[in-house]
1. Over the chain, give the accessible area per residue in Å² for a 1.4 Å probe, as an integer.
2. Mean separation of Cα pairs under 8 Å and 6+ residues apart, divided by the residue count of the chain: what relative contact order is that in percent?
3. Hey, with R₀ at 51 Å, roughly what FRET efficiency would LYS243 and SER323 work out to, going by the Cβ-Cβ distance, to 0.05?
4. Quick one: if you stick a label point 7 Å off each Cα along the C-beta vector at ARG465 and LYS550, how many nm between them?
5. Gain in length, ASP273 to ARG48, computed as 0.36 nm per residue apart minus the alpha-carbon separation, to one decimal in nm?
6. Stretched out fully, how many nm does the piece from ARG83 to ARG137 gain, at 0.36 nm a residue minus the Cα gap?
7. Quick one: angle between helix 368-382 and the longest Cα principal axis of the chain, in degrees between 0 and 90, rounded to 10, please.
8. Can you spot the aspartates and glutamates whose alpha carbon is less than 20 Å from LYS246's alpha carbon? Ignore those fewer than 8 places along the same chain.
Amino acid sequence: MERVIGIDLGTTNSCVAIVEGGVPLVLPGPSGQRAFPSVLAIDEQGQRLLGQTARRQAVLNAEHTATALKRLLGLRFGHPQVRQLSEMVAYRIVTGPSDELRIVLRNEQFSVTELVSALLLDLKKAAEAYLGQPVTRTVLTAPLAFSDAQRIALRDAARMAGLDVMRIIADPIAAALAHGIGTSEHRAQRVAVYDLGGGTFDFALLEMSSGVHEIRASTCDAFLGGQDFDRRLLDYLVFGFAKDHKIDLRQDRTALQRLRDAVEKAKCDLSVDEEVTIEVPFIISTGTSEPLHLHRVINRAKFEELTEDLVERTIQLCRGALSEAGVEPHSVDAVIVVGGMARVPRVQKALTELFGRTPIGGVVPEEALAVGAALQGAALSQTPSASTTFELSPHHLGLLVGGGKVFRLVSAGTQLPYEAAHVFTTARDHQTALRLVILEGDSELASECKILGEFVFSGFLAAARENTEVEVRFSAAQNGDLTVTATDLREQRREQHTFRLTASLLSSETDGSKSPLGSYELETQRTDELSRNQSRAEQLISDILGMLPKAEQAVAGSELGLDAMRRARSAIERARIAIIRGESVAIVDARHVLERTAAMLRGVTASLR
Ligand code: AMP
């Protein structure tokens with residue numbers, strides 16, 4: 001029988017796995033490595049390079065090397081995240097005729113879907129080379145925060161790579177499956193999934209029992225990850241070097257890239273060793289004297305001090321999500337970690353302190369998602385109908401109630417199949433019919449939701465309002481059929497109608513971005529994002545103001561330092577103006593400048609300690 005491959009398309013690295021003899025196996029690439037860098041480049045000869053080869057030449061060919069493509073997948077040019085990312089990467093992102101994204105490599109324009117499809121094809125080929133047979137079926141994983149449009153783009157990319165997508169499962173569910181949670185043998189379990197990768201942080205609280213997997217709460221920060229930890233270490237070294245030699249290493253691209261690589265390696269080594277030596281020989285030539293070398297010993301305690309607030313921020317996000325769900329951290333049954341950064345001992349310690357239990361081991365954190373996807377693929381291919389399946393309800397579902405409001409019965413992210421019910425009374429005495437309007441959408445206002453369907457439930461006996469009880473039950477099947485049953489509890493009379501959930505997951509051809517609901521969702525997302533960015537910016541302003549006096553004292557007399565202080569003050573000013581005006585794009589920009597400024601100030605004060 002043809003195998004199903006599980007694919008985790010990561011921002012930095014991707015991973016592919018299969019199940020062999022019931023055991024998941026992560027597949028190696030051509031040079032034996034299990035992580036496939038999600039990088040694509042075009043070299044001077046016009047040749048396409050992928051994975052490790054593309055990553056290796058990235059420094060020298062940065063302008064024509066596409067990285068972090070997952071962050072752009074399914075987005076329009078005007079999306080704030082596109083602007084943020086375009087400041088972080090060296091390749092050009094331009095807009096096509098209808099606001100779609102195009103990436104320019106060696107003067108040729110590509111769609112993001114096309115480039116992601118090349119990455120997926122590379123993973124498909126690696127699997128075929130390992131298995132010695134063609135592979136066409138896959139289960140993919142995607143972040144919970146992915147919108148309909150992003151999922152559609154992912155599916156399209158896979159299709160372009162010749163892959164038939166059996167299912168897209170949510171990252172935290174894949175992680176739980178990889179750890180053997182969520183199979184029917186287990187009792188209901190509350191699972192916390194902490195995912196800290198190279199550039200993003202995600203947290204989800206799941207409630208998993210036989211066949212029903214609910215996302216109770218989730219949160220994310222699309223710009224918090226390993227690279228922020230690297231930057232802290234980098235700034236520390238840059239300012240230390242500037243202090244010793246009066247040279248700003250950031251002005252030299254090659255020196256900076258060499259330092260970046262050294263810093264990332266040091267960070268990884270510090271997960272095991274208590275102390276590391278960072279050595280970059282001949283890092284810069286001054287022109288007049290001998291080239292200079294960088295040599296610095298860093299211990300774990302220093303690294304933890306430089307990055308303490310980053311770890312703390314992830315913990316605060318977890319706390320926020322848990323408290324929103326009304327769940328005490330100590331009542332969580334299992335803690336799962338995903339992503340390379342989960343290996344950092346301080347992260348593990350912070351999680352142990354928060355949940356009162358150590359994260360479960362046994363699965364390599366960077367491979368958990370691909371393993372979960374492969375397990376799901378194997379289950380689907382063996383017993384498609386009986387297998388536990390894991391698609392999510394993509395929108396909140398509810399009923400129209402008084403005042404044009406929505407009474408929510410099912411939250412977005414609830415695992416299919418599910419059942420949910422609520423008992424309603426009539427609005428007036430002696431009412432003998434009830435109009436049930438089923439709404440789909442994220443707003444509490446009915447006018448802002450999509451009407452999935454409606455029917456009139458009538459014929460029950462006239463009675464006083466409080467004596468009429470009608471139970472409305474939503475039963476969603478795996479195929480996306482939603483059966484709504486209204487039952488008069490006094491007479492036991494019932495009526496049933498079936499509707500179809502609107503979901504890209506269930507009908508991949510629907511273009512969510514074109515439907516009114518799609519654009520509404522985008523707006524909601526933007527508002528949430530705006531308030532998140534604004535409060536982060538405000539927090540950063542207060543952090544920076546707290547650090548400035550000490551930093552100014554520390555750099556007194558140094559030109560590099562004075563310039564840095566000037567920039568810090570102007571960053572605060574710009575951010576304040578953006579916040580006052582409520583300009584979302586400007587706030588996002590300002591937040592990023594503030595992040596860099598705060599990191600720089602930490603570097604200044606730490607290097608002079
Ligand atoms: P991922 O996105 O899951 O591939 O995670 C990538 C991030 O994990 C990068 O920032 C890596 O530097 C980081 N990482 C990988 N291995 C380790 C390690 N052993 N210790 C600390 N960080 C690591």
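The values are calculated or read from the model by the stated rules, or taken from the named source; none is laboratory data. Just so we're clear, the structure is a prediction, and the values are computed from it rather than from any experiment. Reconstructed Cβ throughout: ideal geometry from the backbone, glycine too, with neighbour counts over all protein chains shown. For accessibility, only protein heavy atoms count, side chains too; no ligands or nucleic acids. Shrake-Rupley method; radii C 1.70, N 1.55, O 1.52, S 1.80 Å.
1. Dividing the accessible area of the chain by its residue count gives 44 Å².
2. 13 percent
3. 0.75
4. 6.1 nm
5. Here the segment from ASP273 to ARG48 would lengthen by 77.2 nm.
6. So the chain would gain 16.0 nm between ARG83 and ARG137.
7. The angle comes out near 40 degrees.
8. ASP235, GLU279, GLU290, GLU552, GLU559, ASP563
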